[in-house]
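J.: Here you go, one structure.
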Amino acid sequence: MPLLSTHWRHLVVRPSSPRKGFSRSVSWARITDITNRLTAYDTVECAKALVGEADREYIDARTERKTLSCQYQNSLEERHKLQQSINSLLHRKQNWSSIELLEFTDLCQKEHTIEQKEMSLKSKLQQAEYKLEEAHSQYMNALRDHYHEEQIWSEKGRRMSTYVTWGLFLFNSCLFIVSIAYVEPKKRQAIVEKVTDNIIHLHTERTAALMEKHEKNVERMLKHRSDENQIGKELQRHEERNVQAKFNPSESVQETFVPNEKPTLTALVSFSTLVLVLVLNTVKR
């Protein structure tokens, strides 16, 4: 099979576009939002979001307080060094020169500036500590609210699961009662009707077969009786002929032995019947 060209390969095998992934994520987010609203889990999500926000505020306040504390410590150390320099100059006040006087003046200005900076840093540090305490209390309150909402939601879920369990138990009980009181009798009735129909069908078939057999036996008996009647008639005729032969033997001979007379079917049947009757009489004797 020849290989596909780059153009057709690009048309056939298209990479998944980012729009499809974005649409899938949006649809999944919508489904999650709807599910949370139906299960009342959105309050827990809101409490969780508040915990995250309070945690970020607490981290920011702690970082700011740490930074201000470092700056305040640095300003204290710098002021302490300036005080040491000023004290050393004051010990040599009587031997000051013009350069040392200028240096003392510059140190005093720096000390004043650092003192103002220290006061501002101290106030800022106090505010940062108050803000840190407030952020910590908000964080703890958010954690407590989140825990409380989760407990409420879990209690609702536990209660709902209890209701569902009892509902399933009642539903199964109703199904069992209905099956015992209605379905099973219907099944038994259907089975009984089916078995009864089969028995009736078999009985009808056997009755029809017996009736057919009985009719055949009756036909055979009727036929046998007709044969017996015919044989009796033939015997009666034969006896009559014997009686006539006793009183008029010439006519009987003429009637019996007719020259050039062709035997008919009736004569043959009569002759065979006569022979059969003679044989039966002989056997009985």
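J.: Looking only at region 120-176, count how many residues are in contact (Cβ under 8 Å) with a residue 12 or more places away in the chain, within 28 Å of residue 64 (Cα to Cα) and of a type in the set (Phe, Trp, Tyr).
T.: 1
J.: What is the number of the single condition among (1) surrounded by 15 or more Cβ atoms within 10 Å (Cβ to Cβ); (2) under 60 Å from the mean Cα position of the chain (by Cα) that residue 124 does not meet?
T.: Result: residue 124 fails condition (2) only.
J.: Hey, residue 180 hits all of (1) within 17 Å of residue 39 (Cα to Cα); (2) under 28 Å from the mean Cα position of the chain (by Cα); (3) not small (Gly, Ala, Ser) but one; which does it fall short on?
T.: Residue 180 satisfies every listed condition except (1).
J.: I need every pair where a residue in region 92-115 that is farther than 21 Å from residue 77 by Cβ has its Cβ under 7 Å from the Cβ of a residue that is surrounded by 11 or more Cβ atoms within 10 Å (Cβ to Cβ) and not basic (Lys, Arg), sequence separation at least 6 or different chains.
T.: 100/89
J.: Return a yes/no flag: does region 95-107 have any residue that is among the aliphatic types (A, V, I, L, M) and touching a Lys or Arg at 6+ places or on another chain (Cβ under 7 Å).
T.: Within region 95-107 (the criterion being among the aliphatic types (A, V, I, L, M) and touching a Lys or Arg at 6+ places or on another chain (Cβ under 7 Å)), the answer is no, since none of the residues qualifies.
Readers should treat all values here as calculations from the given coordinates under stated rules, not as data from a laboratory. Just so you know, these numbers come straight off a predicted model, no measurement behind them. We place every Cβ from the backbone using ideal geometry, glycine too, and count neighbours over all the protein chains shown.
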